[in-house]
1. Can you give me the ranges of the strands (runs of 3 or more DSSP E) entirely in the stretch 308-399 with at least 2 residues that are within 16 Å of ligand 1 (Cβ to nearest atom)?
2. Pairs needed: first member in the stretch 229-254, more than 18 Å from P211 (Cα to Cα) and assigned by TED's automatic domain parsing to the domain that holds P208; second member anywhere, open to solvent by 30 Å² or more (accessible area, probe 1.4 Å) and of a type in the set (S, T, Y); C-beta distance under 6 Å; at least 6 residues apart or different chains.
3. Quick test of your reading of the structure: P211 fulfils all but one of (1) under 30 Å from S12 (Cα atoms); (2) within 16 Å of ligand 1 (Cβ to nearest atom); (3) surrounded by fewer than 18 Cβ atoms within 10 Å (Cβ to Cβ). Name the failing condition by number.
4. Which of the numbered conditions does M379 fail, given that it passes all the others? Conditions: (1) under 23 Å from W31 (Cα atoms); (2) open to solvent by 10 Å² or more (accessible area, probe 1.4 Å); (3) of a type outside the set (K, R); (4) out of contact with any strand residue (DSSP E or B) (no Cβ under 6 Å at 6 or more places or on another chain).
5. Suppose the filter is within 16 Å of ligand 2 (Cβ to nearest atom), under 22 Å from W186 (Cβ atoms) and assigned to a helix (DSSP H, G or I); does A225 pass it?
6. Yes or no: P196 away from ligand 2 (no atom under 16 Å from the Cβ), touching a helix residue (DSSP H, G or I) at 6+ places or on another chain (Cβ under 6 Å) and in a helix (DSSP H, G or I)?
7. Please determine whether any residue of the stretch 126-136 is aliphatic (A, V, I, L, M), out of contact with any Leu (no Cβ under 9 Å at 6 or more places or on another chain) and part of a helix (DSSP H, G or I).
8. Could you list, ordered by first residue, the pairs with Cβ atoms under 8 Å in which the first is in the stretch 90-108 and surrounded by fewer than 24 Cβ atoms within 10 Å (Cβ to Cβ) and the second is at pLDDT below 95, at least 6 apart or interchain?
Amino acid sequence: MKITSADVIITSPGRNFVSLRVETEDGVVGWGDATLNGRELAVASYLRDHLDSVLVGRDASAIEDTWQYLYRGGYWRRGPVTMAAIAAVDVALWDIKAKYAQMPLYQLLGGASRTGLLAYGHASGADLPQLFESIDRHLDAGYRAVRIQTGVPGLGQIYGVAATGNGQRYDYEPARAAARPAEEQWDTRAYLRHVPTVFEAVRAKYGPELPLLHDGHHRMTPIQAAQLGKSLEPYDLFWLEDCTPAENPTSLRLVRQHTTTPLALGETFNTIWDYQTLISEQLIDYVRSAVTHTGGITAMRKLLDFAAMHQIKSGMHGPTDISPIGMAAALHLGLAIHNFGIQEYMRHSAQTLEVFQTSYRFEGGLLHPGDRPGLGVEMDVEAAAAFPYRGAYLPVNRLALDATVHDW
Ligand code: GCO
Ligand code: MG
């Protein structure tokens, strides 16, 4: 089962994706996702310039050994670029192993622990009528859980609110194709005053049953995060995500002391070590990492087993910048583990799905990875070539008051 080639494919069917194609001597092909939003070419270079030639000749079946070889062998450990590159290799090797076994990948991970994965979508609106319309669309599409983001009076375009109307999507794609990042405006006090009124209105209209989520996108200090968690308690959130930046994980202790609103965190993390304090002190309830950004299935499985010891569940990152390959990897893992919580699912554009042929399905609000051997996603490399890379960046954020750079 020797690897004979490892190739990077960069394509932009509506947005940028970096994929890894690994082939073995028997002609079995495995796919990995290496997309790091706004920094795509750095991961592509890491793979092309430093890993591809190292992989050729290795045994494709030695997944754990290859993971350790790339992680320890690179000497410079961790970081989003390194871990996305290792993830792409790892997922491609799991795809290959499952194709050899002629089984859907979740079978190799222990088999299905449930019939499907509860998914949440991104409802958003500049104001309440637009938000309600977006929630209705999500419910019509079958979603049984929704994330709620709205505009804040006095502020312009902010994180999480999609431009609506003119047939535009109702879910939010933050990266914009341009030579430099767009700038957004922020005012934390205005936000903290506004958000509880939005949840009050949503609960009044949709009742107590619908699971509601919210993403704070790293914008608050711990005491502000505590205040928000407390003010949202009457609306029974499924989770409050990224309420404060977590480079300093002990800051979550303060948030936790003050609120029973469940907390989700970690989409920007890339190893189990980033979670050591958060998990062992039970400072969060959901792990937000993506398979794509955290070293692949091999590493995510260990991270989620560690989380399980502390009754913490998965809430794997699933915006559209996780490619269909990365999404399929999350679905196989989520189906197999016991401590699955919820899966973010934004749905890729029709253009993206021309390039990536998927077999996962979304029925009755639940996702299922499908039963094709491997991941169940194949990439049409010819179709991909029609969509060349376009530089695109995530926005930066400045305070409305005095233009100080703020967390985005
Ligand atoms: C989420 C995320 C995304 C990220 C984006 C960055 O919860 O889905 O916060 O919206 O901002 O994926 O690449
Ligand atoms: Mg988020």
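The values are calculated or read from the model by the stated rules, or taken from the named source; none is laboratory data. A quick note: this is a predicted structure, and the numbers were derived from the prediction, not measured. Counting neighbours? That spans all protein chains shown, and the Cβs are built from the backbone with ideal geometry, glycine included. We work out accessible area using only protein heavy atoms, side chains counted, and drop any ligands, DNA or RNA first. Shrake-Rupley method; radii C 1.70, N 1.55, O 1.52, S 1.80 Å.
1. In the stretch 308-399, 396-399 are the strands (runs of 3 or more DSSP E) which contain 2 or more residues that are within 16 Å of ligand 1 (Cβ to nearest atom).
2. Listed pairs, sorted by first residue: P249/T277.
3. (1)
4. M379 satisfies all of (1) under 23 Å from W31 (Cα atoms); (2) open to solvent by 10 Å² or more (accessible area, probe 1.4 Å); (3) of a type outside the set (K, R); (4) out of contact with any strand residue (DSSP E or B) (no Cβ under 6 Å at 6 or more places or on another chain) except (4).
5. yes
6. Taking the combined requirement at face value, the residue satisfies it.
7. Within the stretch 126-136 (the criterion being aliphatic (A, V, I, L, M), out of contact with any Leu (no Cβ under 9 Å at 6 or more places or on another chain) and part of a helix (DSSP H, G or I)), the answer is yes, since at least one residue qualifies.
8. Once the first residue is surrounded by fewer than 24 Cβ atoms within 10 Å (Cβ to Cβ) and sits in the stretch 90-108, its partners that are at pLDDT below 95 give Y100/M1.
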